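Undergrad: Submitted below is the structure of interest, expressed as structure tokens.
None of the figures in this text is laboratory data; all of them are computed from the coordinates on show. What you see is a predicted model, and the numbers here were worked out from it, not measured in a lab. Reconstructed Cβ throughout: ideal geometry from the backbone, glycine too, with neighbour counts over all protein chains shown.
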Amino acid sequence: MSEIRKIEKVLVANRGEIALRVMRTCKDMGIRTVAIFSDADRGAKYVQYADQAVHIGPPASAQSYLQGQRIVEVALRLGVDAIHPGYGFLSENARFAEQVMAAGLAWIGPEPHAIRVMGDKLTAKNTVKAHDIPMVPGVDHAVTSVEEGKQVAERVGYPVLIKASAGGGGKGMRIVEREADFEEQMRRAVSEALSAFGDGAVFIERYVGSPHHIEVQVLADKHGNCVHLFERECSIQRRHQKVVEEAPSPLLTPELRQRIGQAAVRVARSCQYVGAGTVEFLMDENRDFYFLEMNTRLQVEHPVTEMVTGIDLVREQIRVAQGHPLSFRQEDLSLRGHAIELRVYAEDPMNDFMPNVGVIRRYNPPKGPGIRVDDGYEAGMEIPIHYDSMIAKLVVHGRDRAEAIERMLRAIDDYVLTGLRTTLPFGSFVMRHPAFRAGLYDTHFVGDHFDPRLLEEPKKDAAVAAVVAARLFSRMTHEQAASHPQPRQSSWRRRG
Ligand code: MV4
């Protein structure tokens, strides 16, 4: 456990912006890099950046970036010491982690045990429950009969949410408003879970109506040290895809921040976590928080944490994999300023965020104080249809939240990207919106406030203000008209 193992050459089992981002830190550390690429990624920026690059197959992920055994063979052939999986693809595949280690390579990630425990939501709940972690009222075992399900729903109170144990990221969830709908919704949840995950196990929780999605970054070494690096607020999302993230959360007080951070550390300790991980919580309107799940990988939005803490998370991941103890304690960490990330997707916000792949004509990302762009493409490149449509992450840092918002608006304005429609105009919509500026938004923000008409003339502040005011007014009168508190319909349901 305690010997130090040298890592001098890393294979990055990923593509695009995250492959490049990992390789940059490797280079900082004097570590050589190997890229793998499919036919769709020949000539990509990360492929050019790597010291060596190996073709691994056709564009389809299943035949390239998900070919674990082939990737391990490439690593062995090229004398690699360690594999970094990035996010997505094989990053939360416990069997791949085992294959990597069985081949005598270092795995830059948590133990397969932790990946497995957290990959199954019921196992995760059962693992953390003895560690004083707040959880949404519900059950922590698979509910198999409609009768039992109804009893649970009666006990926790409607509306309830039926969730797939093998799910996550919103797949296989069903809201039930009243007992009359229970049987039907449970049948659907089970059959969805079966077809999507091959596992029909479902459980039930009380439905938290207007939650904030707050996640805590944790970091643990192999010597029993574990710290948190504060939280990220990720409530601006659509169809379970985050679009804007920020750190710190405008909602938390220092006291709450400490409590949620300590809860996250207990979650990580409960599964003997090693490396960088993220503990997700829901926070309700009373600022009560509940454990949701743990992601056993580096996340897309990790840069906002890096900007407010000054810690390079990839560097720490590699050091932990080498067997070093963390080089700082909890007391050494503090927050500096405010960071916001906008995910620049090749999606058309005017057209229900339809994927909009094609060729980037002109490309010139913004620069200057407080701006970081993690991207993977250049002018003339095509966004492949085979993978996630994220082109870049635009990350800004300011001394405070107001400065970060203004800086993001400037950066979006300076971002030259033509040939495709992207989520950049959506980003300026969010930055200008009074609810966002006030820090008063939850996971329903997009459904509650977004209207593509607000994008048509992005620079006409008066037009934006008029539509925003009209929408706020109609919501207020609607809420006043309700004689009793009504569960808010979720945006995914509203969209059908
Ligand atoms: C919930 C919830 C409300 N109540 N659980 C969505 C993804 C999955 N990780 C869990 N999710 C939710 N679980 C209870 N008991 C609302 C959501 C949810 C959500 C959570 C985080 C971020 C965005 C979301 C969007 C819709 C629903």
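Undergrad: So what is the relative contact order for segment 9-108, in percent, with contacts set as C-alpha pairs under 8 Å and at least six apart?
TA: After rounding, I find 30 percent.
Undergrad: If you don't mind, there's one more thing I want to ask. Can you tell me, using C-alpha contacts under 8 Å and at least 6 residues apart, the relative contact order of the chain as a whole percent?
TA: After rounding, I find 14 percent.
Undergrad: Which listed residue (G419, H240, N356) has the Cα farthest towards the positive end of the charge dipole for segment 212-477, taking +1 on Lys and Arg C-beta and -1 on Asp and Glu C-beta about the Cα centre?
TA: G419
Undergrad: Only four residue types carry charge here, +1 at the Cβ of Lys and Arg and -1 at the Cβ of Asp and Glu. Report the dipole size of segment 212-477 about the Cα centre in Debye, rounded to the nearest 20.
TA: That gives a dipole near 260 debye.
Undergrad: Can you give the local net charge around H141? Use residues other than it whose beta-carbon is closer than 13 angstrom to its beta-carbon, Lys and Arg +1, Asp and Glu -1.
TA: That sum, taken over residues with Cβ under 13 Å, equals 0.
Undergrad: Okay, moving on. By DSSP, what percent of the beta bridges with both residues in the chain are antiparallel, rounded to the nearest 5?
TA: Just about 80 percent of them are antiparallel.
Undergrad: Hey, rough spin-label estimate for S334 and D132, points 7 angstrom out along Cα→Cβ, what's it come to in nanometres?
TA: 2.7 nm
Undergrad: Then there's this: By its C-alpha gyration tensor, with a ≥ b ≥ c as the square roots of the eigenvalues, how is segment 298-398 shaped: rounded for a/c under 1.5, else prolate for a/b larger than b/c, else oblate?
TA: Taking the square roots of the gyration eigenvalues as a ≥ b ≥ c, segment 298-398 is prolate.
Undergrad: Can you list which of the GluC sites (Glu not before Pro) found in segment 3-46 are DSSP loop residues with at most 10 other C-beta atoms within 10 Å?
TA: Those satisfying the criteria are E3.
Undergrad: Highest first, please rank the peptides 227-234, 133-140, 241-248 by the mean number of other Cβ atoms sitting within 10 Å of their residues.
TA: In descending order of packing, they fall as 227-234, 241-248, 133-140.
Undergrad: Still on this model: Can you figure out the FRET efficiency of A379 with Q69, using R₀ = 35 Å and their beta-carbon distance, to the nearest 0.05?
TA: 0.45
Undergrad: Something else: Which of the listed residues, A142, A196, V176, is farthest toward the dipole's positive end in segment 137-206, when Lys, Arg count +1 and Asp, Glu count -1 at the beta-carbon?
TA: Result: A196, furthest along the dipole toward the positive end.
Undergrad: Rounded, prolate or oblate: which fits segment 146-296 when a ≥ b ≥ c are the square roots of the eigenvalues of the alpha-carbon gyration tensor, with rounded for a/c under 1.5 and prolate only if a/b beats b/c?
TA: Since a/c reaches 1.5 and a/b is larger than b/c, the shape of segment 146-296 is classed as prolate.
Undergrad: From Cα coordinates alone, what are the radius of gyration and Dmax values for the chain in angstrom?
TA: Considering the chain through its Cα atoms, Rg and Dmax are 22.6, 70 Å.
Undergrad: Still on this structure, I have one more. Can you sort M381, M186 by how many other beta carbons sit within 10 Å, fewest first?
TA: Least crowded to most crowded, the residues run M381, M186.
Undergrad: Further question on the same structure: Please give every one of the aspartates and glutamates within straight-line cross-link reach of K45, meaning a C-alpha to C-alpha distance under 15 Å, and leave out same-chain neighbours fewer than 8 residues apart.
TA: Candidates past the 8-residue exclusion: E17, D374, D375, E378, E382.
Undergrad: Okay, next question. Between rounded, prolate and oblate, where does segment 362-417 land on the alpha carbon gyration tensor, with a ≥ b ≥ c its root eigenvalues, rounded for a/c under 1.5, else prolate if a/b exceeds b/c?
TA: Note, shape of segment 362-417 comes out prolate.
Undergrad: Can you tell me the order of 67-75, 193-201 when each peptide is scored by its average per-residue count of other Cβ atoms within 10 angstrom, highest first?
TA: Taking the mean over residues of other Cβ atoms within 10 Å, the ranking is 67-75, 193-201.
Undergrad: Same structure, new question: When the helix-only estimate is applied to the chain (DSSP H runs of n ≥ 4, each -39,500 (n - 2.57), divided by the residue count), what is the mean residue ellipticity at 222 nm, nearest 500 deg cm²/dmol?
TA: Here the helix-only value at 222 nm equals -10500 deg cm²/dmol.
Undergrad: Further question on the same structure: Tell me which aspartates and glutamates have Cα within less than 20 Å of K222's Cα, excluding those fewer than 8 residues away on the same chain?
TA: E3, E8, D81, E92, E98, E111, D312, E316, E331, D332
Undergrad: While we're looking at this one, here's another question. Any idea what the dipole of the chain comes to, in debye rounded to 20, about its Cα centre with Lys/Arg Cβ at +1 and Asp/Glu Cβ at -1?
TA: The calculation lands at about 620 debye.
Undergrad: Considering Cα pairs under 8 angstrom that are at least six residues apart, work out the relative contact order of segment 212-477 and quote it in whole percent.
TA: Rounded, it is 19 percent for segment 212-477.
Undergrad: I'd like the antiparallel share, as a percent to the nearest 5, of DSSP beta bridges with both residues in segment 9-108.
TA: Counting DSSP beta bridges with both partners in segment 9-108, the antiparallel share is about 0 percent.
Undergrad: Based on the Cβ-Cβ distance from R188 to A60, what FRET efficiency comes out when R0 is 41 Å, to the nearest 0.05?
TA: The value I calculate is 0.85.
Undergrad: Could you let me know the centre-to-centre spacing of segment 368-415 and segment 228-265, using Cα atoms, in angstrom?
TA: For segment 368-415 versus segment 228-265, the Cα centre distance is 20 Å.
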